[in-house]
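K.L.:
Before we start, here is the structure in question, set down as structure tokens.
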Amino acid sequence: MLVLGIETSCDETAAALVEDGRTILSSVIATQMDLLKKYGGVVPEVAARRHTELIGYVIEEALNKAGKSKEDIDAVAVTAKQGLIGCLLVGTAAAKTMSYALNVPLIGIHHIEGHIFANKLSNPDLPYPHVCLTVSGGHTMILYVAENCHYELMGTTVDDAAGEAFDKVAKFLGLGFPGGPVIDKAAQTGNIKAYKFPRPLIYAKNYDFSFSGLKTSVINTFKEQVANHEALPLPDIAASFQEAVVDVLVAKTIKAALERGVKALSVTGGVSANRRLRANFQTAAERNGLKVFFPSLSLCTDNGAMVAAAGYSRLMRGERSTLELDVIPSTPLEMTRGQD
Ligand code: KG4
Ligand code: ZN
């Protein structure tokens, strides 16, 4: 079954063609980097307007790259839940149009479920049950994944998402946007022990996260150094901040996996591209007899292939959305089962 996956929930206009939920024939992502640099972040209305300009070309390019025509498409999957409302509306309008014109099924997907399937696309042998850390610019959560499409929320962030903390700290340090990749790069030459930043909630009994205090601590340290006319070792600040985020994410996810008695961990979302996070997860997982899985780098951040893969799985379960499919900017993943 050839599924067209469409993703426009934030600042990437993306479309992909995926065969049987496993084989990516094409994946086209148009980033809005010029706008992000100009405004220092995502401006919802501006992002939505850019999606309307790009979506037609991106879908056409996905078809061209796959060597397919519109008539080859068997179903359309689209991110309809979790994201910026204006941005979600552009993707769902395009998906409904394709579904109606081609007379093929439509399925609305929760963005977080898309990220979860990115890892299944990269690692078809990812076993169930497993514990999944989904960590990106909009969310940071630990899920117990009993089986395909069955999720139990174990913990989530009570304030900033981890990627959001990377973005805000990088912006404050003047390193640019998006913050994750630039901090990841700057940290390569920095000393992780140069600054002792807090590890919020690392010893808490629950699996919730909080990154706002850590972010403020980094910003205050930076301000103090500027006020005292001290040299600003940006790589050291970046490395010490990144280490604090990674320590918390790794410790809590491993603890969750051990408590639930699973043998496998899945780490997904934009922040799962982080090199230090991957290395430290690998070491900690091995030490605890666990196997950790990551998506390939091209599937960590937002893309259409993960939406197509999630859509295929839901279609195989007999689920369908109607042309009344609504967009929901914020809703828990657990509520996404069944008909829309
Ligand atoms: O999954 P994604 O594309 O969008 C959301 O669903 O939010 O994730 C984007 C986030 C941004 O906050 C970005 O800074 C972060 O992922 N990110 C990284 C890295 N690459 C992207 N964070 C840390 N290290 C990276 N290498
Ligand atoms: Zn995302």
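K.L.:
Quick one: which residue in LEU325, LEU277 is of a type in the set (A, V, I, L, M, F, W, C), under 19 Å from the mean Cα position of the chain (by Cα) and away from ligand 2 (no atom under 15 Å from the Cβ)? Give the derivation first.
P.N.:
Numbers: LEU325 fails: under 19 Å from the mean Cα position of the chain (by Cα).
After ruling out the rest, the residue left standing is LEU277.
K.L.:
Checking GLN225 against (1) surrounded by fewer than 22 Cβ atoms within 10 Å (Cβ to Cβ); (2) polar (S, T, N, Q); (3) within 14 Å of ligand 1 (Cβ to nearest atom), which single condition isn't satisfied?
P.N.:
Failed condition: (3).
K.L.:
While we're here: Since ALA146 meets every condition but one in (1) at pLDDT 95 or above; (2) in contact with an Asp or Glu (Cβ under 9 Å, 6 or more places away or on another chain); (3) more than 16 Å from ligand 1 (Cβ to nearest atom); (4) open to solvent by 40 Å² or more (accessible area, probe 1.4 Å), which condition does it not meet?
P.N.:
Every listed condition holds for ALA146 apart from (1).
K.L.:
While we're looking at this one, here's another question. How many residues are hydrophobic (A, V, I, L, M, F, W, C), part of a helix (DSSP H, G or I) and in contact (Cβ under 8 Å) with a residue 24 or more places away in the chain when one looks only at segment 262-284? Lay out the reasoning, then the answer.
P.N.:
Start the filter on segment 262-284 by keeping residues that are hydrophobic (A, V, I, L, M, F, W, C), which leaves 262, 264-265, 267, 271, 273, 277, 279, 281, 284.
When the remaining residues are screened for being part of a helix (DSSP H, G or I), the result is 271, 273, 277, 279, 281, 284.
With in contact (Cβ under 8 Å) with a residue 24 or more places away in the chain added as a condition, the list becomes 271, 273, 277, 281, 284.
Number satisfying all stated conditions: 5.
K.L.:
Okay, moving on. Out of the strands (runs of 3 or more DSSP E) lying entirely within segment 1-93, which hold 3 or more residues that are at pLDDT 95 or above and surrounded by fewer than 23 Cβ atoms within 10 Å (Cβ to Cβ)?
P.N.:
Working: elements: 2-7, 12-19, 23-31, 75-81.
The qualifying strands (runs of 3 or more DSSP E) are 23-31.
K.L.:
What's the total number of residues in segment 165-203 that are over 13 Å from PHE241 (Cα atoms), in contact (Cβ under 8 Å) with a residue 12 or more places away in the chain and more than 16 Å from ligand 1 (Cβ to nearest atom)?
P.N.:
Matching residues across segment 165-203 total 2.
K.L.:
Taking GLY137, is it open to solvent by less than 30 Å² (accessible area, probe 1.4 Å), closer than 20 Å to GLY40 by Cα and within 16 Å of ligand 2 (Cβ to nearest atom)? Can you show your working first?
P.N.:
On the way: open to solvent by less than 30 Å² (accessible area, probe 1.4 Å): no; closer than 20 Å to GLY40 by Cα: yes; within 16 Å of ligand 2 (Cβ to nearest atom): yes.
No, not satisfied.
K.L.:
If I filter segment 285-327 down to residues being under 26 Å from ASP184 (Cβ atoms) and assigned to a strand (DSSP E or B), which single residue comes out as most open to solvent (accessible area, probe 1.4 Å)?
P.N.:
Going through the qualifying residues, I end up with LYS291.
K.L.:
Kindly provide the set of residues from segment 178-203 that are closer than 22 Å to GLY138 by Cβ and of a type in the set (Gly, Ala, Ser), ordered by number.
P.N.:
GLY179, GLY180
K.L.:
For segment 260-274, which residues satisfy the criterion of being within 11 Å of ligand 2 (Cβ to nearest atom) and either of a type outside the set (A, V, I, L, M) or open to solvent by less than 10 Å² (accessible area, probe 1.4 Å) (or both)? It would help to see each step written out before you state the result.
P.N.:
Of the residues in segment 260-274, the ones within 11 Å of ligand 2 (Cβ to nearest atom) are 268-272.
Listed by number, the residues that qualify are THR268, GLY269, GLY270, SER272.
K.L.:
Out of the helices (runs of 4 or more DSSP H) lying entirely within segment 130-244, which hold 1 or more residues that are under 18 Å from the mean Cα position of the chain (by Cα)? Lay out the reasoning, then the answer.
P.N.:
Working: elements: 162-173, 179-187, 212-227.
Filter on segment 130-244 gives 162-173, 179-187.
K.L.:
Is there any pair with a first residue in segment 16-45 that is acidic (Asp, Glu) and a second that is crowded, with 18+ Cβ neighbours inside 10 Å whose Cβ atoms are under 7 Å apart and which are 6 or more apart or on different chains, and what are they?
P.N.:
So the pair list comes out as GLU19/LEU2; GLU19/LEU25; ASP20/TYR312; GLU45/GLY86.
K.L.:
Residue by residue through segment 140-173, note down the ones that are of a type in the set (S, T, N, Q) and away from ligand 2 (no atom under 16 Å from the Cβ). Full working, then the answer.
P.N.:
We begin by selecting, within segment 140-173, every residue of a type in the set (S, T, N, Q); these are 140, 148, 156-157.
ASN148, the sole residue that qualifies.
K.L.:
Scan segment 102-111 and tell me whether some residue there is open to solvent by less than 20 Å² (accessible area, probe 1.4 Å), within 20 Å of ALA257 (Cβ to Cβ) and within 14 Å of ligand 2 (Cβ to nearest atom).
P.N.:
Within segment 102-111, not a single residue is open to solvent by less than 20 Å² (accessible area, probe 1.4 Å), within 20 Å of ALA257 (Cβ to Cβ) and within 14 Å of ligand 2 (Cβ to nearest atom).
K.L.:
Okay, moving on. Looking at segment 209-235, I want the residues that are within 15 Å of LYS171 (Cβ to Cβ) and have a partner that is open to solvent by less than 30 Å² (accessible area, probe 1.4 Å) and of a type in the set (Val, Ile, Thr) with Cβ atoms under 6 Å, at least 6 apart or on another chain. Which pairs are those?
P.N.:
LYS215/VAL169; VAL218/VAL169
K.L.:
Can I ask one more? Starting from segment 87-109, keep only residues that are farther than 16 Å from ALA305 by Cα, then list their pairs with residues that are in a strand (DSSP E or B) and not hydrophobic (A, V, I, L, M, F, W, C) whose Cβ atoms are within a distance under 7 Å, requiring at least 6 positions of separation or different chains.
P.N.:
From segment 87-109, the pairs are LEU88/THR79.
K.L.:
Then there is this: Considering segment 86-129 alone, what residues qualify as being aromatic (Phe, Trp, Tyr) and in contact with an Asp or Glu (Cβ under 9 Å, 6 or more places away or on another chain)? Before you say what the answer is, go through the steps one by one.
P.N.:
Going residue by residue through segment 86-129, those that are aromatic (Phe, Trp, Tyr) are 100, 117, 128.
If the condition is that a residue be aromatic (Phe, Trp, Tyr) and in contact with an Asp or Glu (Cβ under 9 Å, 6 or more places away or on another chain), then TYR128 is the only one that fits.
K.L.:
Being touching a Ser or Thr at 6+ places or on another chain (Cβ under 7 Å) and β-branched (Val, Ile, Thr) is the filter; apply it to segment 157-195 and report the residue that is least open to solvent (accessible area, probe 1.4 Å).
P.N.:
Looking at residues that are touching a Ser or Thr at 6+ places or on another chain (Cβ under 7 Å) and β-branched (Val, Ile, Thr), I get THR157.
The values are calculated or read from the model by the stated rules, or taken from the named source; none is laboratory data. Here the structure is a predicted model, which means the values were calculated and not measured. No Cβ is skipped: glycine too gets one built from the backbone with ideal geometry, and neighbour counts run over all protein chains shown. Accessible surface areas use protein heavy atoms only, side chains included; no ligands, DNA or RNA. Shrake-Rupley method; radii C 1.70, N 1.55, O 1.52, S 1.80 Å.
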